[in-house]
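S.K.: Quick one: the structure is below, and I'll ask about it shortly.
The values are calculated or read from the model by the stated rules, or taken from the named source; none is laboratory data. The structure presented is a predicted model; accordingly, all values stated were derived computationally and were not measured. Positions of Cβ are backbone-derived with ideal geometry, glycine not excepted, and every protein chain shown enters the neighbour counts.
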Amino acid sequence: MVRLSTLTGAAAAWALSAALAFAAPGEPGHSHKSFAAGEPGNPQKPVDRTIEVTMKETEDAKMLFEPNHVEIKRGEQVRFVLKNAGQVDHEFMLDSVANNAKHKLQMEQNPDMEHDDPNGRRLAPNGSNEIVWSFTKAGTFEVACLIPGHYESGMKGTVVVK
Ligand SMILES: [Cu+2]
């Protein structure tokens, strides 16, 4: 009985060290990215609202989102239906002002950077796409186009979650 438990203990210790060895740094783990403005929507659940957002340039050389201000109740799941009515690519990035500012700097250094973020879409002219987003957090967030020069030309909007 005593010998058996000793053996079992040794085997358990070996198994534990082996497990630790396999979990050593460098193992490609998947991290759960967290988002400032809530979280990616759940396609199994119905959406509470659909909001159409048009991206375009204007004749006086501005670029914008229409609408550029939306108010949402915390807990709502929203479908953003995005349309690029302009003549150049545009993006829709939903994030905190701080995260968009950081991301914008990265885009300035690497204008061709491709991203496939659940909180953003890039649309070619005449393109359309959508994002279903769950607004789980209250706060004031930002929608921005981070293609160099576009934000400065007016491509930003606010999303207030109450
Ligand atoms: Cu743009």
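S.K.: Out of Glu59, Glu71, report the one residue that is out of contact with any strand residue (DSSP E or B) (no Cβ under 7 Å at 6 or more places or on another chain) and of a type outside the set (A, V, I, L, M).
M.R.: Values: Glu71 fails: out of contact with any strand residue (DSSP E or B) (no Cβ under 7 Å at 6 or more places or on another chain).
So the residue among Glu59, Glu71 that is out of contact with any strand residue (DSSP E or B) (no Cβ under 7 Å at 6 or more places or on another chain) and of a type outside the set (A, V, I, L, M) is Glu59.
Okay, residues lined up against (1) farther than 21 Å from Phe135 by Cβ; (2) surrounded by 14 or more Cβ atoms within 10 Å (Cβ to Cβ); (3) under 18 Å from the mean Cα position of the chain (by Cα); (4) at pLDDT below 50:
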| residue | (1), (2), (3), (4) |
| --- | --- |
| Ala21 | yes, no, no, yes |
| Ala37 | no, yes, yes, no |
| Asp48 | no, yes, no, no |
| His69 | no, no, no, no |
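S.K.: Six or more apart or on different chains, Cβ under 7 Å: which pairs go from a residue in region 59-76 that's closer than 13 Å to Ser153 by Cβ to one that's loosely packed, with under 15 Cβ neighbours inside 10 Å? Could you list them?
M.R.: Filtered contacts from region 59-76: Leu64/Thr58.
S.K.: Examine region 134-145 for a residue that is more than 26 Å from Glu59 (Cα to Cα), in contact with a Pro (Cβ under 9 Å, 6 or more places away or on another chain), modelled with pLDDT of 95 or more and surrounded by fewer than 21 Cβ atoms within 10 Å (Cβ to Cβ), and state whether such a residue exists. Show your work before the answer.
M.R.: At the first step, the residues of region 134-145 found to be more than 26 Å from Glu59 (Cα to Cα) are 134-141.
Next, from what is left, pick out any that are in contact with a Pro (Cβ under 9 Å, 6 or more places away or on another chain): 134.
Still in the list and also modelled with pLDDT of 95 or more: 134.
Next cut, surrounded by fewer than 21 Cβ atoms within 10 Å (Cβ to Cβ) only: 134.
Yes, region 134-145 contains at least one residue that is more than 26 Å from Glu59 (Cα to Cα), in contact with a Pro (Cβ under 9 Å, 6 or more places away or on another chain), modelled with pLDDT of 95 or more and surrounded by fewer than 21 Cβ atoms within 10 Å (Cβ to Cβ).
S.K.: Condition check: within 14 Å of the chain's Cα centre (by Cα), within 16 Å of the ligand (Cβ to nearest atom) and either farther than 24 Å from Lys33 by Cβ or free of Cβ contacts under 8 Å to residues at least 40 places away in the same chain (or both). Does Asp95 satisfy that? Give the steps one after another, and end with the answer.
M.R.: Details: within 14 Å of the chain's Cα centre (by Cα): yes; within 16 Å of the ligand (Cβ to nearest atom): yes; either farther than 24 Å from Lys33 by Cβ or free of Cβ contacts under 8 Å to residues at least 40 places away in the same chain (or both): no.
No; evaluated as a whole, the condition is false for this residue.
S.K.: Anything in region 34-57 that is of a type in the set (Val, Ile, Thr), touching a residue at least 60 places away in the same chain (Cβ under 8 Å) and within 13 Å of the ligand (Cβ to nearest atom)? List them, or say none.
M.R.: Residue satisfying the conditions is Val53 alone.
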